[in-house]
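Q: Here it is, the structure in full.
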Protein chains: 2
Amino acid sequence: MPRPAQIDRDSVLAAALAVADAGGVAGLSMRAVAERLGVTAMALYRHVGDKQQLLDGLVERLLLELPLPDPALPWRQRLTAMGAAMRQTAQAHPQVFPLLLQRPAVTPGARRVREAVYQALRDAGAAEELVPRIERVLSTFVLGFAASEAAGRFTAGKQELDLDLAWFGEWVLNSLASVDRAPGPGQAAEDMNE
Amino acid sequence: MPRPAQIDRDSVLAAALAVADAGGVAGLSMRAVAERLGVTAMALYRHVGDKQQLLDGLVERLLLELPLPDPALPWRQRLTAMGAAMRQTAQAHPQVFPLLLQRPAVTPGARRVREAVYQALRDAGAAEELVPRIERVLSTFVLGFAASEAAGRFTAGKQELDLDLAWFGEWVLNSLASVDRAPGPGQAAEDMNE
DNA sequence: ACCTGAACACCGTTCAAGT
DNA sequence: ACCTGAACACCGTTCAAGT
């Protein structure tokens with residue numbers, strides 16, 4: 001009869017995140033994760049496939065756990081809140097965060113975040129055919145910025161970087177506000193959010 | 001009497017880049033680099049310190065080898081040329097390129113590229129106190145975009161990504177053209193470049 | 001079904017030794 | 001001065017075996 005499992009996929013990912021936060025991605029070995037769980041390295045393979053899939057799982061977990069703003073908020077507040085949340089995630093997991101830029105954005109977690117941005121852009125009145133383009137530009141900048149800051153690439157201090165992000169945000173949001181509006185019903189009501 | 005050295009720092013970095021391009025960063029081991037050079041792994045340490053410094057050296061090499069545009073060109077052309085060059089570098093070395101976002105931009109190679117952007121921004125008439133800010137925003141986006149594209153993060157095809165970059169470029173350049181101009185001599189002459 | 005022991009082919013890095 | 005042999009403490013992954 002099958003005894004209860006000692007570990008599962010979720011506990012493995014949690015342990016891996018803890019190991020990476022403590023010792024960096026370089027110290028993130030199957031053996032170290034296993035030791036934290038009180039198990040041998042070979043036990044992990046049943047639950048996460050192999051090390052590459054474990055890394056993919058970490059990236060996905062960061063995306064799934066990113067707090068999304070209340071959809072009832074005005075679109076400007078939603079976009080700035082998501083940017084701030086990304087930045088916080090990067091600070092919390094500086095070693096794992098850069099991987100977000102290196103994996104295809106096709107997972108449920110990636111789609112979850114992307115759709116939230118799409119909705120904010122639609123509410124902003126962006127032309128539908130421009131929505132994916134604007135999302136790529138926004139997400140690329142925010143991910144790159146958060147990764148750069150967390151990795152210490154910038155020489156500027158936190159206050160200046162706060163201003164950088166605010167500056168970029170104003171710039172984007174103002175451009176959005178003046179972008180061509182797609183005609184259609186329900187548009188006027190959404191605009192009330194501003 | 002000292003016999004001529006078989007390898008030096010430069011040949012080690014060149015071999016490392018070749019190994020990374022062929023087998024990915026995961027396959028970039030001291031032993032693999034040494035084998036390519038016909039030498040043992042231990043011989044590398046005298047020339048590159050250790051593996052981390054070898055990786056730093058690769059990043060620096062990419063920056064030092066980035067072709068910079070003729071300073072006589074108009075600033076718009078210079079900025080777009082640098083963006084295109086970064087994108088090409090990312091395509092040529094997709095495995096090493098992401099490291100550019102993870103190392104402090106304090107090396108001579110990083111300064112070299114940054115100063116070229118600074119000069120273009122000054123020639124565009126950007127207020128001096130805004131120049132570092134705009135450079136951080138520009139470099140972060142371009143690095144993040146090139147890394148994302150090279151790693152296959154985007155689902156969009158190359159044609160759409162070309163348009164993304166053109167779209168972002170127009171947006172930035174138009175914003176720059178309308179930015180407050182710092183007063184001073186020599187300004188009018190530079191503006192003639194446009 | 002889940003975990004382990006043993007094994008294989010690897011790693012980065014040091015240090016003394018060779019030339 | 002430059003490279004190597006030997007050694008150490010690690011890796012990821014497999015497979016058959018245990019429960």
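The values are calculated or read from the model by the stated rules, or taken from the named source; none is laboratory data. Predicted, not measured: the structure shown is a model, and the values here were computed from it. Here the Cβ positions follow ideal geometry from the backbone for every residue, glycine too, while neighbour counts run over all protein chains shown.
Q: Going through B:ALA126, B:ALA110, B:ALA105, B:ALA72 one at a time, which residue ends up being outside any loop (DSSP other than H, G, I, E, B) and not acidic (Asp, Glu)?
A: Result of the check over B:ALA126, B:ALA110, B:ALA105, B:ALA72: B:ALA110.
Q: Output the qualifying pairs, or none if there are none: Cβ atoms under 6 angstrom, residues six or more apart or on different chains, first residue in segment A:144-172 and part of a loop (DSSP other than H, G, I, E, B), second residue aliphatic (A, V, I, L, M).
A: Pairs found: A:ARG153/B:ALA105.
Q: Follow-up question, since we're still on this one. Evaluate the following for B:LEU64: is it crowded, with 19+ Cβ neighbours inside 10 Å and either away from chain A (no Cβ under 14 Å) or within 12 Å of DNA strand D (Cβ to nearest atom) (or both)?
A: Judged against the criteria, B:LEU64 is not a match.
Q: Considering B:LEU58, B:LEU54, which residue is at pLDDT 95 or above, under 13 Å from the mean Cα position of the chain (by Cα), aliphatic (A, V, I, L, M) and in a helix (DSSP H, G or I)?
A: B:LEU58
Q: If you go through segment A:14-34 one residue at a time, how many are within 14 Å of chain B (Cβ to nearest Cβ), within 14 Å of DNA strand C (Cβ to nearest atom) and within 23 Å of the chain's Cα centre (by Cα)?
A: 4
Q: Within segment B:139-158, track down each residue that is more than 7 Å from chain A (Cβ to nearest Cβ) and within 14 Å of the chain's Cα centre (by Cα).
A: B:SER139, B:VAL142, B:ALA146, B:ALA150
Q: Within segment B:46-55, identify whether any single residue is more than 16 Å from DNA strand C (Cβ to nearest atom), out of contact with any His (no Cβ under 6 Å at 6 or more places or on another chain) and either within 14 Å of another protein chain (Cβ to nearest Cβ) or not β-branched (Val, Ile, Thr) (or both), and answer yes or no.
A: Checked segment B:46-55: no residue is more than 16 Å from DNA strand C (Cβ to nearest atom), out of contact with any His (no Cβ under 6 Å at 6 or more places or on another chain) and either within 14 Å of another protein chain (Cβ to nearest Cβ) or not β-branched (Val, Ile, Thr) (or both).
Q: Tell me the residue from A:ASP50, A:ASP8 that is among the charged types (D, E, K, R) and within 11 Å of DNA strand D (Cβ to nearest atom), please.
A: A:ASP50
Q: For the condition within 14 Å of the chain's Cα centre (by Cα), in a helix (DSSP H, G or I) and farther than 28 Å from B:ALA90 by Cα, what is the one hit in A:ALA84, A:ALA120, A:ALA116?
A: Selected residue: A:ALA116, the only one of A:ALA84, A:ALA120, A:ALA116 that is within 14 Å of the chain's Cα centre (by Cα), in a helix (DSSP H, G or I) and farther than 28 Å from B:ALA90 by Cα.
Q: Quick one: A:GLY109 ticks every box in (1) away from DNA strand D (no atom under 16 Å from the Cβ); (2) away from every other protein chain (no Cβ under 14 Å) except a single one, so which number is it?
A: All conditions pass for A:GLY109, except number (2).
Q: With respect to A:ALA43, is the statement that it is part of a helix (DSSP H, G or I), surrounded by fewer than 19 Cβ atoms within 10 Å (Cβ to Cβ) and within 12 Å of DNA strand D (Cβ to nearest atom) true?
A: yes
Q: Of the conditions (1) at pLDDT 95 or above; (2) within 11 Å of chain B (Cβ to nearest Cβ); (3) within 18 Å of the chain's Cα centre (by Cα), A:LEU165 satisfies every one except a single condition; which number is it?
A: (1)
Q: Quickly run through segment B:1-31 and pick out the residues that are assigned to a helix (DSSP H, G or I) and more than 19 Å from B:PHE97 (Cβ to Cβ).
A: B:ARG9, B:ASP10, B:SER11, B:VAL12, B:MET30, B:ARG31, listed by residue number.
Q: Report every pair of residues separated by at least 6 positions or lying on different chains whose Cβ atoms are under 7 Å apart, first residue within segment A:36-51 and under 18 Å from A:ASP21 (Cβ atoms), second surrounded by 15 or more Cβ atoms within 10 Å (Cβ to Cβ) and of a type in the set (S, T, N, Q).
A: Here the result reads A:LEU37/A:SER11, each pair linking segment A:36-51 to a residue that is surrounded by 15 or more Cβ atoms within 10 Å (Cβ to Cβ) and of a type in the set (S, T, N, Q).
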